[in-house]
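All remarks here apply to the structure that follows.
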C-alpha cells in the first residue's frame, strides 16, 4: 500500500465546470448557483484541512432539503466529467492505467468513493480530492462511518504519508499455513498506526489477502521451477527471485501484500 496521485487541478473549478457545462438551465442549476458562495467557502475549508492533514476536524455545512438533494444529484458514475475524472485518477505518470483498488490492492476499481461521505457532506459530492478510486468490496465495507472519537478510521491515500517502513508481515508455517499480521516494529507514529490498523481491520484486508494468496504462491512456484535450471545452486536462484520482487517492491511499496508474502515464503526455507 502506498500513496496515490491526487487531482492536480483546482477542485472548485471542477465543481463549477460540472454545473455550468453538464446541467441544462432549470431549477436544479439555479439552486446550485444560488449556493455558490457557500460552496466556495466549504471547498476552501476542505483544501486547507486536507493540506494540513486535519480532515478529522472538518464539519459539514448542513445543507438539507432541496439544497442537499441537488448537490447529491451532481455525482453520477455515468456523468462524462466523472468518467473522465476516474480515468485521470487511475492513470499514472507513464500514461498507464492502474486499475487496482488502492485501498486493498486486491480487486479492480469499480467507482470513486467519497472519503468524507456524501450523505453527511453533500457539498463534496463532486470534490475531486474527496473522490478516491475504489473497488465495490471496499466501498461497501467503508459505508458512511469515516472517523471515530479520536482518529480517522481509514487511510487517506492522497494525504496521509504512508510509511516507507514495513508494517505488514506474514507468519509462515508452511506453504498452505500462514497468516498476515500488522506489527509496528519501526516505531511508526502511534496515531498513524492506529489508523492503519483500523483501515486494515474494517476492510478485512488480512483475511482478504489470505483468501487471494493461492495465485501468488502458484506464480512463485512456477518461477522457481522454470528458473531452477538456469542457476548453479539454490542460493543464486533465491537471490534472483528476491531481486525480481524487490523491483516490484520499489514500484508498489514495501507493504504490498504480494511482495511481503513472497519474501516471507523465500525466507522460510520452505522452497530452499
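Taking label positions 7 Å along the Cα-Cβ direction at both residue 229 and residue 95, the computed distance is 4.0 nm, reported to one decimal. The distance from the alpha carbon centre of segment 1-45 to that of segment 153-230 is 37 Å, rounded to a whole number.
Across 141, 68, 108, mean-square fluctuation computed from a Gaussian network of the chain (C-alpha pairs under 10 Å connected) peaks at 141. Evaluated on segment 83-159, the Kirkwood hydrodynamic radius is 13.0 Å, with distances taken between all distinct Cα atoms. Report, in degrees rounded to the nearest 10, the 0 to 90 angle that the Cα long axis of helix 213-227 makes with the longest principal axis of the chain. Tilt relative to the chain: about 40 degrees. Panel note: the C-alpha atoms of the chain, placed on their principal axes, show extents of 74, 38, 27 Å (largest first).
At 0.36 nm per residue, minus the direct Cα-Cα distance, what do residue 153 and residue 239 gain on full extension? Give it in nm, one decimal, please.
Between residue 153 and residue 239, full extension yields an extra 27.1 nm.
Taking 0.36 nm per residue of separation and subtracting the Cα-Cα distance, full extension of the segment from residue 60 to residue 210 would add 50.2 nm. Between 0 and 90 degrees, the angle of helix 80-89 with respect to the longest Cα principal axis of the chain falls at about 30 degrees. With an a/c value of 1.5 or above and a/b larger than b/c for the gyration tensor axes a ≥ b ≥ c computed over the alpha-carbon atoms, segment 11-142 is described as prolate. By the beta-carbon count within 10 Å of each Cβ, the least crowded to most crowded order of 172, 69, fewest first, is 69, 172.
Rg and Dmax, both from the Cα atoms of segment 168-266 and both in Å, are 15.1, 49. Length gained on full extension, residue 13 to residue 72: 19.5 nm, using 0.36 nm per residue less the C-alpha separation.
Here, each number is a calculation from the coordinates, and none is a lab measurement. Everything numeric here is computed off the predicted structure, so don't read it as measured data. Heads up, the Cβs are rebuilt from the backbone with ideal geometry, glycines too, and the neighbour counts pull from every protein chain shown.
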